[in-house]
Amino acid sequence: MPNLILLHGALGHSDIFMPYLSTLSQYFKVHTPLFSGHGNKELPTDGISIEKYAQELSEYCKVHHLKDVSIFGHSMGGYAALCYAMENPDNVNSVVTLGTKFDWTEEEALKESKMLNPDVIVEKIPQYAQLLELQHGSKWKQLLPAIADLMIDLGKNPPLENNFATINIPVQIMVGDKDNMVTIEESARVYRSLPNAKLAVLPDTKHPMDKVRPDLLLNVMKDFWNLS
């Protein structure tokens, strides 16, 4: 069976893919790795970056002898997937992204990163703080500033910018019409910049993966990968 890797977003967890596994495993051998700092994975002492996450994906493929992989990435997972595809075109069959932010500027990154203050989250959104602790353990308070640094780094040097035309594999770009973090416009811009891409706007769909209707997303995936 072909291999499919499902990649979670920043502060996400591979558990979010549970509703998709029974369907996707009919067609693929499904892999759900965790990025470092997430779940039970240690946060590296030298921090994290999108390049490091693309490298972790590369190492995962080598360790598990994965060739010609298809990748689905939610949010930051989609960015890491395209970075990996750009550097390893011979090993990637296709990429699907959902809710991936492409318009990274220093100003945008600073704005996003300011929302990642652990003390503010505990005070203002206690239920989200509880979820983060449940998914990532007590290190969630260190993970937030690390992700903020990753975003600021992305704003200064977005590795995909000006390189989309070099990614020749089939790509499906998806965005929810109610996503408050990613615009339809930036998704369309990237779709037009990629030589072999499709674009889907999911109706009545917000940014968080757990707010996406599995049937809707699975139908678009099946269409893209020609699954019956």
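Any chance segment 84-98 includes a residue that's closer than 23 Å to Asn196 by Cβ, open to solvent by 20 Å² or more (accessible area, probe 1.4 Å) and without any contact (Cβ under 8 Å) to a residue 12 or more places away in the chain? For segment 84-98, residues closer than 23 Å to Asn196 by Cβ, open to solvent by 20 Å² or more (accessible area, probe 1.4 Å) and without any contact (Cβ under 8 Å) to a residue 12 or more places away in the chain: present.
Residues of segment 157-178 include none that is in contact (Cβ under 8 Å) with a residue 24 or more places away in the chain, open to solvent by 20 Å² or more (accessible area, probe 1.4 Å) and assigned to a strand (DSSP E or B).
If the condition is being surrounded by fewer than 16 Cβ atoms within 10 Å (Cβ to Cβ) and either assigned to a loop (DSSP other than H, G, I, E, B) or of a type in the set (A, V, I, L, M) (or both), then segment 194-215 contributes Pro195, Asn196, Val201, Pro203, Asp204, Arg213. How many of the residues in segment 179-193 are open to solvent by 10 Å² or more (accessible area, probe 1.4 Å) and in a loop (DSSP other than H, G, I, E, B)? Of the residues in segment 179-193, 4 are open to solvent by 10 Å² or more (accessible area, probe 1.4 Å) and in a loop (DSSP other than H, G, I, E, B).
The values are calculated or read from the model by the stated rules, or taken from the named source; none is laboratory data. These figures come from a predicted structure and were not determined experimentally. Ideal geometry is used to build each Cβ from the backbone, glycine not excepted, and the neighbour counts take in all protein chains shown. Please note that ligands, DNA and RNA were not included when accessible areas were found on the heavy atoms of the full protein model with its side chains. Shrake-Rupley method; radii C 1.70, N 1.55, O 1.52, S 1.80 Å.
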